[in-house]
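Heads up: the structure comes next, in structure tokens.
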Amino acid sequence: MDNYFNMDLLRFTTAGSVDDGKSTLIGRLLYDTKSIFEDQLQAIEESSRHRGKEYVDLSLLTDGLRDERAQGITIDVAYRYFATPKRKFIIADTPGHIQYTRNMVTGASTAHLAIILIDARKGVIEQTYRHSIIASLLNIQHVVVCVNKMDLVQYSQDVFENIKLQYLEFSKKLQINNLIFIPISALLGDNVVDHTANMPWYSEHTLLETLETVQIAQASDSEDLRFPIQYIIRPHSTEYHDYRGYAGRIESGTVKVNDSVVAMHTGLTSKVKTINYGQVALKEATAGMSVSITLQDEIDISRGDMICKSAHSPAATQEITVMMCWLNEKKLTPNAKYLLRHTSRQTKCMVKNIDYKLNISTMEHIADDNYLNMNDIGQVKIKCATPIFPDIYRQNRTTGSIILIDEYTNETMGAGMII
């Protein structure tokens with residue numbers, strides 16, 4: 001059990017066009033790794049028979065909404081969890097329809113790896129471009145292109161190689177660090193968990209072997225400390241009469257006792273006095289840990305501030321340029337006012353300009369559209385009422401991202417990546 005809690009966690013997302021087999025692939029992974037309960041298996045076997053299918057429809061494991069099952073498509077983001085002896089996994093099964101692009105952005109925003117499915121009969125299509133561009137924009141480090149339904153093209157190596165060449169040509173426009181191609185049949189299980197005799201020409205890792213061995217980046221590639229303050233701990237008890245702890249999650253870098261740090265909002269400096277992880281006192285804490293820190297000096301820090309190391313702190317700014325993914329039915333227009341949330345900090349803001357809308361099928365910049373509709377992505381300039389302390393998104397996915405909120409309805413309107 002202790003080993004389970006110490007295992008690496010890989011977050012990955014699946015994307016592809018409608019009927020490319022995303023939900024079936026996830027069902028196959030869960031089924032072949034024995035990660036589903038017997039009663040779940042019995043339920044989907046019964047449901048498959050009821051629908052007149054000659055095989056167990058593993059997609060029913062993830063298409064949980066009634067409308068999804070009725071239409072045979074994925075609408076919402078479905079999260080599933082499983083583990084092997086080597087690693088733990090969180091899967092985000094995201095929709096293939098164009099009108100659910102925003103759901104893919106949501107599901108992929110925290111992923112280390114993206115699986116993009118391509119139907120071997122159809123090859124690279126518009127949705128392949130769309131999902132690959134989103135994966136690149138979100139700075140997902142690993143993209144695994146699974147050419148699915150190889151059983152329907154007689155396991156042809158030529159079909160696989162042609163699709164691979166077509167994708168590689170397109171991917172020259174993208175920023176993807178690690179690109180992997182695997183021929184599979186999600187329905188029959190070829191090269192998903194186990195190697196298959198049907199494709200002797202493919203000898204690389206299966207999909208599960210890839211998921212188990214791919215290198216997981218840290219919360220950020222940046223080594224610079226970024227510690228947004230979420231809560232101030234003041235026990236007001238006799239035992240901890242003078243205790244003032246700053247609680248939050250370390251988004252990048254490390255912090256040690258006696259490190260010189262700066263509170264970004266005021267620019268005041270101090271040294272780290274103690275670090276607590278729950279009830280445990282630490283000498284050092286690293287990215288991904290939620291801790292409370294005390295400082296040697298009494299300085300003004302509150303929720304929304306950020307603690308950084310004095311020598312490597314971000315610059316304060318009130319104007320940012322972001323690649324904005326618009327998530328709401330109300331369109332984005334210039335001069336619109338919103339609440340902007342950056343880490344734990346919130347401020348009022350105004351959209352100064354929409355530089356261009358991105359055609360996420362061709363990557364063409366459309367400069368004459370002065371608005372963003374739901375599911376659109378475009379470059380936007382924003383002015384904040386008070387300073388924030390951002391990083392560039394490609395350096396730090398957490399401190400390089402923002403969301404816009406309607407200050408009257410509290411709806412999330414859009415998500416932006418600072419460029």
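Side notes on the structure shown:
- Less than 5 angstrom separates the built amide H of GLY414 from those of LEU327, LEU404, all sequence-distant by 5 or more or on a different chain.
- In units of the compact-protein estimate 2.2 N^0.38 Å, segment 300-419 shows a Cα radius of gyration of 1.07.
- Virtual spin-label span in nm between ILE419 and LYS122, 7 Å along Cα→Cβ: 2.8
- Diffusion coefficient, µm² s⁻¹, Stokes-Einstein with Kirkwood Rh over alpha-carbon pairs of segment 124-245 at 10 °C and 1.306 mPa s: 89
- For segment 257-268, backbone phi angles converted through the Karplus equation (6.51, -1.76, 1.60; θ = phi - 60°) give residue-by-residue couplings of 4, 6, 5, 7, 10, 10, 8, 5, 5, 9, x, 6 Hz, Gly and Pro being listed as x.
- A protection proxy built from the mean count of other Cβ atoms within 10 Å ranks the segments 380-388, 281-289, most packed first, as 380-388, 281-289.
- Overall Cα dimensions of segment 239-290, principal axis frame, Å, largest first: 31, 27, 18
- Sequentially through segment 371-382, phi angles give Karplus couplings (6.51, -1.76, 1.60; θ = phi - 60°) of 7, 10, 8, 4, 6, 6, 10, x, 8, 10, 9, 10 Hz, Gly and Pro residues having no value and appearing as x.
- Annotation: amide H-H contacts under 5 Å for ARG397 (H modelled 1.01 Å from N, sequence separation of 5 or more, or interchain): ASP221.
- Using the Karplus relation 6.51 cos²θ - 1.76 cosθ + 1.60 with θ = phi - 60°, the per-residue 3J(HN,Hα) values for segment 346-362 come to 10, 8, 6, 8, 9, 7, 6, 7, 9, 5, 6, 9, 9, 6, 8, 10, 10 Hz, with x marking Gly and Pro.
- Packing around the peptides 360-366, 251-257, 323-329, taken as the average count of other Cβ atoms within 10 Å per residue, puts them in this order, highest first: 323-329, 251-257, 360-366.
- For the peptides 332-342, 141-151, the ranking by packing is 141-151, 332-342, with the highest mean count of neighbouring Cβ atoms within 10 Å listed first.
- For SER310, the residues whose amide H sits under 5 Å from its own are VAL261, VAL262, ignoring neighbours fewer than 5 places away on the same chain, with H placed 1.01 Å from N.
- Computed over segment 301-361, the P(r) curve from all C-alpha pair distances, binned at 10 Å from the origin, holds 15, 43, 27, 14, 1 percent per bin.
- Neighbourhood charge, 15 Å Cβ-Cβ cut-off, centred on ASP406 and excluding it, Lys, Arg +1 and Asp, Glu -1: +2
- With K and R counted +1 and D and E -1, the other residues having a Cβ less than 9 Å from that of VAL147 yield a net charge of +1.
- Lysines with Cα under 21 Å of LYS330, excluding same-chain neighbours fewer than 8 positions away: LYS348, LYS352, LYS357, LYS381, LYS383
None of the figures in this text is laboratory data; all of them are computed from the coordinates on show. If you're wondering where the values come from, they're calculated on a predicted model, not measured in any experiment. Don't worry about glycine lacking a Cβ; one is built from the backbone with ideal geometry, like all the others, and counts go over all protein chains shown.
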